[in-house]
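Student: Dropping a structure here in structure tokens format, bear with me for questions.
The values are calculated or read from the model by the stated rules, or taken from the named source; none is laboratory data. Just so it is clear, the structure is predicted and the values come from calculations on it, not from any experiment. Reconstructed Cβ throughout: ideal geometry from the backbone, glycine too, with neighbour counts over all protein chains shown.
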Amino acid sequence: MKKRICVIDGQGGGIGATVIKYVKSAYDERVELIALGTNAIATSQMLRAGANKGASGENAICHTVNTAHCIVGPVSITWANAMLGEVTPKMAEAVMSCAAFKFLLPLFQENAEIMGVNSEPLPHLVKTVVEKRLKEVIEHV
């Protein structure tokens, strides 16, 4: 059975699209990539990047995360009202309550900073997730 990886993003979907490109390049069809956008534009961008399936909105995210082996997205997917209000409290709760392992990228537009986290460009963060951490989940979950 393929491992199901849900990539969650909002606004323009650029972070999610980058994640999907890297994962698709590294694992091709060995994983099932599900694009979950807080809006249709984000989902569309992630589908163009190579996701196998995609859905948008609160209900799609709340329902689908429960089927995931792994979730990848910006840390703000766990914060109610983040991304200019696109992340609803129900979405944040669903992400944090599901059993899937979460890889949260420390990228946000909110007026917050996580102390002790080094600022890295998105490609470096995604490369670390894909080449090191995601491999462990795919092989051991």
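Student: Of these, M96, M83, which one is under 23 Å from S119 (Cβ atoms), over 11 Å from the mean Cα position of the chain (by Cα) and either among the charged types (D, E, K, R) or in a helix (DSSP H, G or I) (or both)?
Tutor: Checking each option against the conditions leaves just M83.
Student: Please go through the range 1-13 and give me each residue that is touching a strand residue (DSSP E or B) at 6+ places or on another chain (Cβ under 8 Å) and either touching a residue at least 40 places away in the same chain (Cβ under 8 Å) or crowded, with 18+ Cβ neighbours inside 10 Å (or both), ordered by number.
Tutor: Restricting attention to the range 1-13, the residues satisfying the condition of being touching a strand residue (DSSP E or B) at 6+ places or on another chain (Cβ under 8 Å) are 2-10, 13.
If the condition is that a residue be touching a strand residue (DSSP E or B) at 6+ places or on another chain (Cβ under 8 Å) and either touching a residue at least 40 places away in the same chain (Cβ under 8 Å) or crowded, with 18+ Cβ neighbours inside 10 Å (or both), then K3, R4, I5, C6, V7, I8, D9, G10, G13 are the ones that fit.
Student: Okay, next question. Give the range 22-43 a look and list any residue that's assigned to a helix (DSSP H, G or I), under 14 Å from the mean Cα position of the chain (by Cα) and of a type outside the set (V, I, T), or say none.
Tutor: Result: Y22, K24, A42.
Student: In addition: Please verify whether P89 is within 18 Å of G57 (Cβ to Cβ) and without any contact (Cβ under 8 Å) to a residue 40 or more places away in the chain, treating the condition exactly as stated. If you could, list the steps in order and put the result at the bottom.
Tutor: Working: within 18 Å of G57 (Cβ to Cβ): yes; without any contact (Cβ under 8 Å) to a residue 40 or more places away in the chain: yes.
Against the criterion (within 18 Å of G57 (Cβ to Cβ) and without any contact (Cβ under 8 Å) to a residue 40 or more places away in the chain), P89 qualifies.
Student: With S97, S56, S119 as the choices, which residue is modelled with pLDDT under 90 and among the small types (G, A, S)?
Tutor: Unique residue meeting the criteria: S119.
Results for (1) under 22 Å from R30 (Cβ atoms); (2) acidic (D, E); (3) crowded, with 17+ Cβ neighbours inside 10 Å, shown as yes or no for each residue.
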residue: C62; (1), (2), (3): no, no, yes
residue: T78; (1), (2), (3): no, no, yes
residue: N81; (1), (2), (3): no, no, no
residue: V87; (1), (2), (3): no, no, yes
residue: A112; (1), (2), (3): no, no, no
residue: G116; (1), (2), (3): no, no, no
residue: T128; (1), (2), (3): yes, no, no
residue: R133; (1), (2), (3): yes, no, no
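Student: Starting from the range 125-141, keep only residues that are in contact (Cβ under 8 Å) with a residue 40 or more places away in the chain, then list their pairs with residues that are in a helix (DSSP H, G or I) whose Cβ atoms are within a distance under 6 Å, requiring at least 6 positions of separation or different chains.
Tutor: From the range 125-141, the pairs are V126/T18; V126/V19; V126/Y22; V130/Y22; V130/V23; V130/A26.
Student: From (1) in contact with a Pro (Cβ under 6 Å, 6 or more places away or on another chain); (2) within 21 Å of K24 (Cβ to Cβ), pick out the condition that doesn't hold for I71.
Tutor: If we test I71 against (1) in contact with a Pro (Cβ under 6 Å, 6 or more places away or on another chain); (2) within 21 Å of K24 (Cβ to Cβ), just (1) comes out false.
Student: Additional query: Is it the case, given these coordinates, that A60 is in contact with a helix residue (DSSP H, G or I) (Cβ under 8 Å, 6 or more places away or on another chain) and either under 21 Å from T18 (Cα atoms) or part of a helix (DSSP H, G or I) (or both)? Steps first, answer last, please.
Tutor: Details: in contact with a helix residue (DSSP H, G or I) (Cβ under 8 Å, 6 or more places away or on another chain): no; either under 21 Å from T18 (Cα atoms) or part of a helix (DSSP H, G or I) (or both): yes.
It is false that A60 is in contact with a helix residue (DSSP H, G or I) (Cβ under 8 Å, 6 or more places away or on another chain) and either under 21 Å from T18 (Cα atoms) or part of a helix (DSSP H, G or I) (or both).
Student: Out of G54, G73, G16, which single residue is in a helix (DSSP H, G or I), within 14 Å of the chain's Cα centre (by Cα), crowded, with 24+ Cβ neighbours inside 10 Å and touching a residue at least 12 places away in the same chain (Cβ under 8 Å)?
Tutor: Of G54, G73, G16, the one residue that is in a helix (DSSP H, G or I), within 14 Å of the chain's Cα centre (by Cα), crowded, with 24+ Cβ neighbours inside 10 Å and touching a residue at least 12 places away in the same chain (Cβ under 8 Å) is G16.
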